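Everything below concerns the one structure shown next.
Throughout, read-outs are computed from the coordinates displayed, never taken from laboratory work. Note that the coordinates shown come from a computational prediction; the quantities given were computed from them, not determined experimentally. Note that each Cβ is placed from the backbone with ideal geometry, even for glycine, and that neighbours are counted across all protein chains shown.
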Amino acid sequence: MVFEDDGKIKGHIAYSPMKDENGNIIGLALGPVGVLPAYQGEKIGSQLITEANKKAYDKGYDTIFVLCDPKYYTRFGFKLAKSMNWATKLDPAGEHFMVITKKPAPVNKQNVEYCSAFERGMQRVPGKAE
């Protein structure tokens, strides 16, 4: 989804499938979301997140995950996923993995996986700044 104004694309948001350990799609992963530097601070990112989440719900997805800064994403209703028994290997401590869902939390811890392209992008490159 893009944010367009006066024929200019100013921001975008993307989602990818999230799978359980058996490979079943159980929701969506939000990200990336980006806004061109000249338009940051205009709440374009917030509008994209709000509207795209609504569209995801309308299409039948009831769970959305994000690997992010918790201070920012709580404003949209996201909670730490570990508090709802979800985990990902990309954030073993669970300090940045968040979820918003319309269904009850799993009773037992459930590991979820990002699509392989996302996971490859999150791998650290040896010798590079982190």
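Yes or no, residue by residue, for (1) within 24 Å of V2 (Cα to Cα); (2) crowded, with 19+ Cβ neighbours inside 10 Å; (3) in contact (Cβ under 8 Å) with a residue 40 or more places away in the chain:
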residue: V35; (1), (2), (3): yes, yes, no
residue: A38; (1), (2), (3): yes, no, no
residue: D62; (1), (2), (3): yes, no, yes
residue: K79; (1), (2), (3): no, no, no
residue: E95; (1), (2), (3): no, no, no
residue: P106; (1), (2), (3): no, no, no
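For the stretch 32-77, the tally of residues that are of a type in the set (D, E, K, R) and either assigned to a loop (DSSP other than H, G, I, E, B) or in contact with a Cys (Cβ under 6 Å, 6 or more places away or on another chain) (or both) stands at 5. When K55 is tested against the conditions (1) closer than 14 Å to F3 by Cβ; (2) free of Cβ contacts under 8 Å to residues at least 40 places away in the same chain; (3) within 15 Å of the chain's Cα centre (by Cα), the lone failure is (2). Applying the criterion of being of a type outside the set (A, V, I, L, M) and assigned to a strand (DSSP E or B) to the residues of the stretch 86-104, the residue that is nearest to N53 (Cα to Cα) is T101. Restricting the stretch 28-47 to residues that are aliphatic (A, V, I, L, M) and in contact with a Gly (Cβ under 8 Å, 6 or more places away or on another chain), which is farthest from R75 (Cα to Cα)? Going through the qualifying residues, I end up with L36.
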